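This report refers to the structure that appears directly beneath it.
The values are calculated or read from the model by the stated rules, or taken from the named source; none is laboratory data. A quick note: this is a predicted structure, and the numbers were derived from the prediction, not measured. Here the Cβ positions follow ideal geometry from the backbone for every residue, glycine too, while neighbour counts run over all protein chains shown.
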Amino acid sequence: MKTQVAIIGAGPSGLLLGQLLTQAGIDNVILERQTPEYVLGRIRAGVLEQGTVDLLREAGVGTRMDQDGVVHEGIDLAFAGRRVRVDLKALTGGKTVTVYGQTEVTRDLMEARTRSDATSIYHVTDVQIHDITGDAPYLTYESNGERHTLHCDYVAGCDGFHGVSRQTIPAEVLSVYERIYPFGWLGLLSDTPPVHHELIYAHHPNGFSLCSQRSRTRSRYYLQVPLTEKAEDWSDERFWNELKNRLPDHLGDQLVTGPSLEKSIAPLRSFVAEPMQYGRLFLVGDAAHIVPPTGAKGLNLAASDVNTLYRILIKTYRERRTDLLARYSDIALHRVWKAVRFSWSMTSLLHEFPDSDAFSRKIQEVERDYLTSSQAGLTTIAENYVGLPYEAIE
Ligand code: APR
Ligand code: PHB
C-alpha cells in the first residue's frame, strides 16, 4: 500500500490531522493499535481553547460541538475558604473556552473519517518505521495475522506517550525533559448537575480538587491523591465526603452527589522530547509532550501541533515548500514550552506537595494570594488558560 502521509495513532492528534489532510486532498492512512470502541472508552479532559474550536470547525467537525459545547467566560480558584473568579473574557479582551468532552471530539472525528473514504486500520500490532532519514520511508505492521508494508512521503507520529514513534528516534538525537509529580488525580464521572456553572480549581490542606463538567447534567470531579492510592479503595461515599471537605463551605453544601459512572486514577507528569522531528518523522501531541491536567492543555497542545504540521504539509504539497518541514519542531516547541510552564505553575500553585518545607508552603500561600489579588496576576492566568496565540509558520 502507498500513501502520502502515514499517521500512527487514532487519538485526537491522528484523527484531526487525518481529517484536515483528507479535506485538502492529501492522501493519508491511519494505523491504530486499539479498536475504535477502546479509543472511545477513554475518558479525558474537556476544555477547548478558541484555537482548538476554530480548527475543529475548519476540519468540518464543529456541528455537534457548536450545539452541545458550553462556552465558559470564567473559572474559579478556591483556597483558604474563599473563592476568586478569573474573568477570562474581561481579562483577555473577549476570549473564552468551550467545555466539550474529548471523547465527543474523538467521536465526531471518527464519524467524519468513516464518511470520507480515507483508510484507517485499527487493531494493528508491531508498527515499525523504516528508512525515515531517507527519501522513501515506509512502515511495516501486522494486521489479521499478516505482515503489511505502507510506503509514504512522511510519517506523523500521533501515537501518544507510549507509542513507537518517539522510540524510533535515536537516543543521542533526543533531549528529554521530565518532572514526575508525587501525586495523582482520582477522577469521578456522575450524572449529577455540576456544583457550579463554571469550573472550580480548589486548594485545601488535604490537597487539590477540581469541579468540572461535561454538560448541565453530567459532572466530572477530581481529587489529588497519593500515588499509592487505588481507585477501588475509594467508595463513592468516601469520594463525595472528601470533595465536600475540600470545597469552601457554601459550595460543599450545594454539592449534589450520586452514583459514579467511572472512577480512575491518573498520574501527573510534565514531559517534553526535543526535537519533534527526525528525518521524515514528525511527532505530534502526547507522543512529544505530556502536561499535568491542571491547565487543561493536553488536547489543546495536540491541536496546535496539528495546526502547525498541517499548514506546513499544505505548503509542501501545493507550493513545493519543502524547506518549511525543517521548521516544524522549532515552531511547535516554542508554544509547547509555554503551555508546559503554565501547566507546571498551576500544578505547583494548587497542590499539596508532601515533601515541601514550611518556607515553601508560605511562598505557595502568598503566591495564591498575590496572583488572585492583582490584575496582572489574574491576567497572566487568564491569557494562558484561554490559550496563547498560534505561531505563524513563516
Ligand atoms: N501503533 C499504533 N497505534 C498506537 C501505538 C502503536 N505502536 N502506540 C499508541 N498508539 C495509539 C494509541 O492506542 C492511541 O489511540 O495512538 C493513540 C494516541 O492517542 P492519545 O494518547 O490520545 O494521544 P494524542 O492523540 O496525541 O492526544 C492528545 O489526548 O491523550 C490525551 O491527554 C492527552 O489530551 C491529550 C490528547
Ligand atoms: C475535565 O473536565 O476532565 C478537566 C477539566 C479541566 C482540567 C482538567 C480536566 O484542567
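When region 234-257 is examined, which residues are found to be of a type in the set (Ser, Thr, Tyr) and touching a Ser or Thr at 6+ places or on another chain (Cβ under 7 Å)?
THR257
Specify the residue that is surrounded by the fewest Cβ atoms within 10 Å (Cβ to Cβ); the eligible residues are those in region 192-216 that are away from ligand 1 (no atom under 16 Å from the Cβ) and modelled with pLDDT under 95.
That would be ARG216.
Can you name every residue in region 161-177 that is of a type outside the set (Gly, Ala, Ser), within 16 Å of ligand 1 (Cβ to nearest atom), touching a residue at least 12 places away in the same chain (Cβ under 8 Å) and outside any loop (DSSP other than H, G, I, E, B)?
Once the filter is applied, which keeps residues that are of a type outside the set (Gly, Ala, Ser), within 16 Å of ligand 1 (Cβ to nearest atom), touching a residue at least 12 places away in the same chain (Cβ under 8 Å) and outside any loop (DSSP other than H, G, I, E, B), region 161-177 yields ARG166, THR168.
Please determine, by comparing only the residues of region 76-131 that are surrounded by fewer than 16 Cβ atoms within 10 Å (Cβ to Cβ) and small (Gly, Ala, Ser), which one is nearest to GLN364 (Cα to Cα).
ALA80
So, in region 72-114, exactly how many residues are at pLDDT 95 or above, within 16 Å of ligand 1 (Cβ to nearest atom) and in a loop (DSSP other than H, G, I, E, B)?
1
Identify all residues within region 254-288 that are within 16 Å of ligand 2 (Cβ to nearest atom) and in a strand (DSSP E or B); write none if there are none.
Selection gives SER260, LEU261, GLU262, LYS263, SER264, ILE265, ALA266, PRO267, LEU268, ARG269, SER270.
Take region 289-300 and flag every residue that is of a type in the set (A, V, I, L, M, F, W, C) and within 13 Å of ligand 2 (Cβ to nearest atom).
Selection gives VAL291, ALA296, LEU299.
List the number of the failed condition for ILE363; all other conditions in (1) among the hydrophobic types (A, V, I, L, M, F, W, C); (2) without any contact (Cβ under 8 Å) to a residue 40 or more places away in the chain; (3) closer than 17 Å to GLY295 by Cα hold.
Single failed check for ILE363: (3).
Looking for something surrounded by fewer than 21 Cβ atoms within 10 Å (Cβ to Cβ), touching a His at 6+ places or on another chain (Cβ under 7 Å) and acidic (Asp, Glu) - is there at least one such residue anywhere in region 165-178?
Scanning region 165-178, I find no residue that is surrounded by fewer than 21 Cβ atoms within 10 Å (Cβ to Cβ), touching a His at 6+ places or on another chain (Cβ under 7 Å) and acidic (Asp, Glu), so the answer is no.
Give the number of residues within region 335-394 that are exposed (fewer than 14 other Cβ atoms within 10 Å of the Cβ), within 30 Å of LEU309 (Cβ to Cβ) and in contact with a helix residue (DSSP H, G or I) (Cβ under 7 Å, 6 or more places away or on another chain).
Count: 1.
Write out, first by first residue and then by second, each pair whose Cβ atoms fall under 6 Å of each other, whose residues are 6+ apart or on separate chains, and whose first residue, in region 40-60, is modelled with pLDDT of 95 or more and in a helix (DSSP H, G or I) while the second is of a type outside the set (S, T, N, Q) and within 12 Å of ligand 1 (Cβ to nearest atom).
THR52/ALA303; LEU55/ALA303
Please determine whether any residue of region 109-130 is within 16 Å of ligand 2 (Cβ to nearest atom) and of a type in the set (A, V, I, L, M).
No, region 109-130 contains no residue that is within 16 Å of ligand 2 (Cβ to nearest atom) and of a type in the set (A, V, I, L, M).
Given THR133, THR149, THR168, THR228, which one is more than 28 Å from VAL272 (Cα to Cα), away from ligand 2 (no atom under 13 Å from the Cβ) and hydroxyl-bearing (Ser, Thr, Tyr)?
THR149
Check VAL340, VAL306, VAL291, VAL336 and return the single one that is within 16 Å of ligand 1 (Cβ to nearest atom) and without any contact (Cβ under 8 Å) to a residue 60 or more places away in the chain.
When all the criteria are applied, what remains is VAL291.
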